[in-house]
1. Any idea what the relative contact order of the chain is, in percent, if you count C-alpha pairs under 8 Å spaced at least 6 apart?
2. What's the extension gain from R169 to D152 if we count 0.36 nm per residue and subtract their Cα-Cα distance?
3. Any idea what Rg and Dmax come out to for region 6-122 if you just take the C-alpha atoms, in Å?
4. To the nearest 20 debye, what is the magnitude of the charge dipole of region 2-132 about its Cα centre, counting +1 on the Cβ of each Lys and Arg and -1 on the Cβ of each Asp and Glu?
5. Could you tell me which of rounded, prolate or oblate describes region 133-202, using a ≥ b ≥ c as the square roots of the eigenvalues of the alpha-carbon gyration tensor, with rounded for a/c under 1.5 and, failing that, prolate when a/b is larger than b/c and oblate otherwise?
6. In what sequence, largest accessible area first, do L91, L128 appear using a 1.4 Å probe?
7. Over the Cα atoms of the chain, what Rg and Dmax result, in angstrom?
8. Enumerate the amide H contacts of R117 below 5 Å, restricted to partners 5 or more residues apart or on another chain; note that Pro and chain-start residues carry no placed amide H.
Amino acid sequence: MLRGGLVASTSLPELDNGEVADALLLVGHAGSTLWPHFSAYLERSPGPDPLDRWTRFVIDPIARRFDCRALYPFEKPWWPFQRWVSEIEGLRPSPLGILIHPEYGLWHGYRAALAFRNAIPVPARTKLAHACDNCRDKPCMSACPAEAISTDGFAVEPCRSYLASDSGRASCMRVGCLARNTCPIGAEYRYMDSQLRFHMAAL
Ligand code: B12
Ligand code: SF4
Ligand code: SF4
């Protein structure tokens, strides 16, 4: 899915020639629409980092065709995908750290960005509502058995230790992050179980 675009911004990245890009398009997904395509690839091409490989397999030819630079969320140093999203759609972090979307909830992500040397027309920027502002009880904050989510943000270490325990393997690793599952926003976009298990294993 096209997830918006950016022009005239100080956060535009550099192109391969070192010049700053004039436009950026963001490519991502919501829900499980990409999963059948990726699963078919995975069967044909097993091996390490399959989602990253599949993403390059799909996006690199598009970048070549339109003479732009493809940037990926898994490349180091990390490209500021979440900052771009905040500029483009006004999305803000949920207590989990993931940006929340008023329709897709926590069930969306980013696969690539395309950086252009010319200021091509891009969709207008928007400022979408922040669902957490109207969520009085904030059930995500009490759903984590490792107490990894608090007003201080997401704490990686307790989450990681819990996921490696017997209880973690029987819960979050099997059905996905319990805190993410508890959020009522965009529940119809919740990832398929196989997709959730794939992401938890990668995490
Ligand atoms: C490093 C990283 C992590 C680290 C975070 C470590 C830490 N405490 O910083 C770990 C491994 C823990 C992690 C976990 C997850 N991540 Co992560 N992660 C990234 C990554 C690769 C880089 C983020 C970064 O540091 N950017 C550098 C700074 C300079 O960029 P920035 O945009 O300006 O900064 C923003 C982020 O740093 C963010 N932030 C700060 N602290 C944290 C903590 C967490 C957990 C997250 C998600 C974001 C976040 O706030 C900043 C301002 O907007 C991004 C991909 C990317 N390139 O952006 C994915 C990314 C942020 N992750 C993502 C996701 C989905 C997850 C997981 C849910 C994975 C899963 N299981 O499915 C979990 C979240 C766990 C949970 N319980 O909620 C998505 C978020 C999509 C969205 N809707 O916002 C991204 C964008 C990847 C993608 N392909 O879409 N992640
Ligand atoms: S449960 Fe409420 S506070 Fe937590 S992420 Fe969802 S909307 Fe935001
Ligand atoms: S994956 Fe499990 S332990 Fe980690 S934040 Fe989510 S609910 Fe907590």
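1. Numbers: 304 pairs, mean separation 51.5, N = 203.
Here the relative contact order equals 25 percent.
2. Values: separation 17, 0.36 × 17 = 6.12 nm, distance 2.56 nm.
Between R169 and D152, full extension yields 3.6 nm more.
3. When restricted to Cα atoms, region 6-122 yields Rg and Dmax of 15.0, 42 Å.
4. Values: 14 positive and 13 negative charges, 31 e Å.
It works out to roughly 160 debye.
5. Numbers: a/c = 2.21, a/b = 1.15, b/c = 1.92.
Judged from the Cα gyration tensor, region 133-202 comes out oblate (a/c at least 1.5, b/c at or above a/b).
6. Working: L91 5, L128 55 Å².
My answer, sorted largest first, is L128, L91.
7. Answer for the chain, Rg first and Dmax second: 17.9, 53 Å.
8. D22
The values are calculated or read from the model by the stated rules, or taken from the named source; none is laboratory data. Please read these numbers as outputs of a predicted model, since none were measured by experiment. Ideal geometry is used to build each Cβ from the backbone, glycine not excepted, and the neighbour counts take in all protein chains shown. For the accessible areas, the whole protein counts, side chains as well, though only heavy atoms, and no ligand, DNA or RNA atoms are used. Shrake-Rupley method; radii C 1.70, N 1.55, O 1.52, S 1.80 Å.
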